[in-house]
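Novice: Quick one: the structure is below, questions incoming.
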């Protein structure tokens, strides 16, 4: 993966030098690192759907800021879980719905596989 990133960077530098073109590079899903709050990381990501409307948050508890609301049936792929205060929280990426593409924490009890 490092070689691919270097090729993209080199190609961008060549384009900028040659004609002043604008190039934006977005990290791939594999480039997103797992948060330190994760206490258990799945071997493979789990695809789930929300069972009700639920907040997606910046951290694994209701004390963290909500960055959106996932409607019932929204797709959510989770990569790890955390157990603060005995509650289960899943960290992952929203895969469908109005907040598709956002990464964050969802209360695990509101997800179904």
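What follows is calculated from the coordinates using simple rules that are stated; it is not laboratory data. From a predicted model like this one, the values you see are computed outputs, not experimental measurements. Every residue, glycine among them, receives a Cβ derived from its backbone with ideal geometry; neighbour counts consider all protein chains shown.
Novice: Express in nm, to one decimal, how much length is gained between residue 85 and residue 62 on full extension, taking 0.36 nm for each residue of separation and deducting their alpha carbon distance.
Specialist: Working: separation 23, 0.36 × 23 = 8.28 nm, distance 1.14 nm.
Once the chain is fully extended between residue 85 and residue 62, it gains 7.1 nm.
Novice: Quick one: order 46, 78 by neighbouring beta-carbon count within 10 Å, fewest to most.
Specialist: On the way: 46 16, 78 20.
Arranged by neighbour count, lowest to highest, 46, 78 become 46, 78.
Novice: Using 0.36 nm times the number of residues separating residue 34 and residue 112, minus their current alpha carbon distance, what extension gain do you get?
Specialist: Values: separation 78, 0.36 × 78 = 28.08 nm, distance 2.14 nm.
Fully extending the segment from residue 34 to residue 112 adds 25.9 nm.
Novice: If a paramagnetic tag sat 7 Å from the Cα of residue 100 along the Cα-Cβ line, which residues of the range 49-90 would have the backbone N under 14 Å from that point?
Specialist: 71, 74-77
Novice: Mind pulling up the Rg/Rh value for the range 33-112? Radius of gyration and Kirkwood radius, both on Cα.
Specialist: Working: Rg = 11.0 Å, Rh = 12.1 Å.
Ratio value, two decimals: 0.91.
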